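The values are calculated or read from the model by the stated rules, or taken from the named source; none is laboratory data. Note that the coordinates shown come from a computational prediction; the quantities given were computed from them, not determined experimentally. Ideal geometry is used to build each Cβ from the backbone, glycine not excepted, and the neighbour counts take in all protein chains shown. Heads up: the accessible areas ignore ligands, DNA and RNA and are worked out on the full protein's heavy atoms, side chains in. Shrake-Rupley method; radii C 1.70, N 1.55, O 1.52, S 1.80 Å.
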Amino acid sequence: MTDTTSQKLIVPAFGGLYAATPVFEALLRFVVGFWLVPHGAQKLFGLFGGGGIEGTAGFFAQIGLQPAILLATLAGLGEFFGGLFLAIGLLTRPAALVAAFVLLVATLSVHLGNGFFMATGGFEYASLWFFAALYFFFKGGNQYSVDAKLGRAF
């Protein structure tokens, strides 16, 4: 629960909203993680219009990421399992670090040269998700995570 007792709230009636912060933080963690899962499924299994390992490796080779098969596999695993683990809050910090790393590589190697805006393939979207994942690397899960239920945090 967020401590609002030591703060003088401008609108005291909103105090209850601040108490709900852990629930919405868990929801954000779920969204940040779970939204990566389909991207990993595209890379690993060719689902949702993805190219599978071969197609992803071909794209990686085109942009100079080598060894392309290994990196395509690692990116797919990082998005699929890193996203899944982040979503449920299992090994939250390592999962968030993996997700953030994949998103940073995507930002720098694919999107940065296209400017800022997502509409032109720019880095806006990928970097936003990078920073969201990075937040959970520093924050970890909260009481609404598998880590908390196991009584362990990495």
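Solvent-accessible area of the range 15-154 (1.4 angstrom probe, protein heavy atoms only): carbon and sulfur portion equals 75 percent.
Ignoring the sites themselves, what is the longest stretch of the chain with no trypsin sites (Lys or Arg not before Pro) in a DSSP loop and at most 15 other beta-carbon atoms within 10 Å?
9-151
Placing +1 on the Cβ of every Lys and Arg and -1 on the Cβ of every Asp and Glu, with no other charges, gives the chain a dipole of roughly 300 debye about its Cα centre. The chymotrypsin sites (Phe, Trp or Tyr not before Pro) of the range 39-128 that meet both conditions, a loop assignment by DSSP and at most 15 other Cβ atoms within 10 Å of the site Cβ, are Phe116, Phe117. Dividing the C-alpha radius of gyration of the chain by 2.2 N^0.38 Å, with N its residue count, gives 1.20. Ligands, DNA and RNA are left out, and with a 1.4 angstrom probe the accessible area of the range 51-133 is 51 Å² per residue. Screening the chain for whole DSSP H helices of 18 Å or more along their axis (Cα) with average Kyte-Doolittle hydropathy at least 1.6 returns 92-106. Normalising the average separation of contacting C-alpha pairs (under 8 angstrom, six or more residues apart) by the number of residues puts the relative contact order of the range 80-125 at 21 percent. Taking every DSSP helix (H) stretch of at least 4 residues in the chain, weighting each as -39,500 (n - 2.57) and dividing the sum by the residue count yields a mean residue ellipticity at 222 nm of -17500 deg cm²/dmol. Answer with one residue from Ala72, Leu44, Gly82: the one whose Cα lies farthest towards the positive end of the charge dipole of the chain, charges on Cβ with Lys, Arg +1 and Asp, Glu -1. About the Cα centre, the residue reaching furthest to the positive side is Gly82.
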